[in-house]
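*Asks:* Got a structure here, written out as structure tokens. Questions coming.
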Amino acid sequence: MKIAAINRELETALQHKIDQKTKPPGALGKLEHVALQIGLIQQSLEPVLQNPQLLLFAGDHGLVQAGVSPYPQEVTQQMVMNFVAGGAAINVFCRQHNIAIDVVDAGVNGDLSGLDIVHAKVAQGTANCLEGPAMTAEQFEQACKAARQLVVEKHSAGCNVIGFGEMGIGNTSSAALVFSVLSGMAVEDCVGRGTGLDDAGLAQKKAVLRQVINRHQGVEKTAPSVLQAFGGFELVMIYAAALQAAELNMIVLVDGFIATAAIAAAIHEAPALQDYCLFSHLSDEHAHKMMLDYLGVEPLLQLNMRLGEGSGVAITYPLIESAIAFLNEMASFESAGVSDKE
């Protein structure tokens with residue numbers, strides 16, 4: 001991926017335009033930062049949001065066999081069917097805010113051939129990373145290629161703002177493993193309750209993930225190697241899709257714990273990606289704040305959500321629209337005939 005660092009020559013002019021709106025400097029808080037960032041991404045004093053898109057990647061994890069989730073693996077396939085039927089939270093929020101949504105079979109352990117989704121299945125779920133790598137190098141490349149192609153298609157159709165969701169029983173474990181190894185933080189500190197583990201289940205999950213880390217002591221500390229060792233196909237696709245979107249100068253909207261782990265891996269690979277990312281919310285899943293602090297970013301919202309699916313992206317999108325609206329439509333002191341501060 002050839003991601004260019006954002007050209008900041010327009011920053012002074014954008015900041016001046018923001019400061020000259022009929023308000024005290026900084027009075028719109030984070031919305032001002034969003035407006036500035038999007039203006040810089042698009043290299044425009046009048047940025048626009050076009051055809052917002054959510055890609056929801058679904059995949060299964062062989063590690064579920066080790067008892068890291070209270071839900072059976074079949075729930076991944078069942079939830080995909082719920083997405084297709086329009087009944088999940090992400091469907092509701094995307095409809096509410098006019099965001100297009102595509103469900104992508106990245107690697108669900110089941111036959112989804114009859115569903116109206118994007119069929120990009122790499123395999124029937126990953127291998128059990130307690131026993132070996134979650135995927136082969138060929139499978140990793142296949143997942144990356146499919147994700148990049150999908151983003152290119154959306155961009156060609158006029159989309160310039162894109163977010164990513166995920167569904168996969170066991171993927172909080174995969175996300176914790178990926179982030180732990182790339183950040184150097186203890187895996188026990190990166191583990192949370194996921195879909196609702198009790199204390200005994202959480203202790204079991206921590207013990208299993210420690211065994212996985214010990215099993216892969218020799219893994220190279222690069223994003224591709226770590227994702228191949230621990231990642232789900234849905235995490236790999238988010239990783240590759242984000243890199244492709246940034247290369248195309250698209251705005252990348254980041255969801256919660258699992259999506260952030262994939263984005264962190266992509267930023268590890270290409271640090272310039274971070275300038276294209278807006279982090280939607282602080283997940284209630286343990287360690288998401290640690291992830292955001294590690295990246296040095298602030299989320300727009302904190303609503304104690306921990307659903308995944310891209311729900312934080314959809315909930316936050318109207319705020320991003322508001323940031324662009326005030327930048328483009330709000331009167332300046334001069335145009336409104338309002339006295340500026342002395």
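*Asks:* Quick check on packing: order 317-325, 19-27 by the mean number of other C-beta atoms within 10 Å, highest mean leading.
*Replies:* 317-325, 19-27
*Asks:* Among Tyr71, Tyr276, what is the fewest-to-most ranking by other Cβ atoms within 10 Å?
*Replies:* Tyr71, Tyr276
*Asks:* Another question, if that's okay. Just to be sure I understand the model, the point goes 7 Å from the Cα along the line to the Cβ. What's the resulting Thr12 to Glu74 distance in nm?
*Replies:* Result: 6.5 nm between the two label points.
*Asks:* While we're here: Order by neighbour count: Cys129, Cys277, fewest other Cβ atoms within 10 Å first, most last.
*Replies:* Arranged by neighbour count, lowest to highest, Cys129, Cys277 become Cys277, Cys129.
*Asks:* Still on this model: Full extension from Phe333 to Leu301: what is 0.36 nm times the residue separation minus their Cα-Cα distance, to one decimal in nm?
*Replies:* That works out to 8.6 nm of additional length.
*Asks:* Between Asp189 and Ser156, what FRET efficiency comes out of the Förster formula 1/(1 + (r/R0)^6) with R0 = 25 Å and r the beta carbon distance, rounded to 0.05?
*Replies:* Efficiency computed from Cβ-Cβ geometry: 0.05.
*Asks:* For n ≥ 4 DSSP H runs only, could you compute -39500 (n - 2.57) per run for the chain, divide by its residues and tell me the 222 nm figure to the nearest 500?
*Replies:* -14500 deg cm²/dmol
*Asks:* Here's another thing I want to ask about it. Using the Cα centre as the reference, give the magnitude of the dipole from point charges on the C-beta atoms of the chain (Lys, Arg: +1; Asp, Glu: -1; all else neutral), rounded to the nearest 20 debye.
*Replies:* 260 debye
*Asks:* Just to confirm my numbers, what's the Cα centroid distance between segment 274-342 and segment 83-148 in Å?
*Replies:* Centre-to-centre (Cα) distance: 27 Å.
*Asks:* If I stretch the segment between Asp19 and Asp111 completely, what's the gain in nm (0.36 nm per residue apart, minus their alpha carbon distance), one decimal?
*Replies:* Taking Asp19 through Asp111 to full extension adds about 27.7 nm, to one decimal.
*Asks:* Can you compute the FRET efficiency between Lys289 and Asn249 using 1/(1 + (r/R0)^6), with r the Cβ-Cβ distance and R0 = 25 Å? Round to the nearest 0.05.
*Replies:* 0.30
*Asks:* Expressed as a rounded percentage, what relative contact order does the chain have, with Cα pairs under 8 Å and six or more residues apart?
*Replies:* After rounding, I find 25 percent.
*Asks:* Shifting gears a bit: Each label point is 7 Å from the Cα along the Cα-to-Cβ direction; what then is the distance between the points at Leu45 and Asp199, in nm?
*Replies:* That separation, rounded to one decimal, is 6.2 nm.
*Asks:* If I model a spin label as a point 7 Å beyond the Cα along the Cα-Cβ vector, how far apart are those points for Ser322 and Gln211 in nm?
*Replies:* In this crude spin-label approximation the distance works out to 4.8 nm.
*Asks:* Let me ask something additional. Want the number for Ala27 to Ala127: 0.36 nm per residue separation, take away the alpha-carbon distance, what's left?
*Replies:* 30.9 nm
Laboratory data are not the source of any read-out in this text; all were calculated from the coordinates shown. Treat the numbers as computed from the prediction; the structure is a model and nothing was measured. Cβ atoms come from the backbone with ideal geometry, glycine included; neighbour counts cover every protein chain shown.
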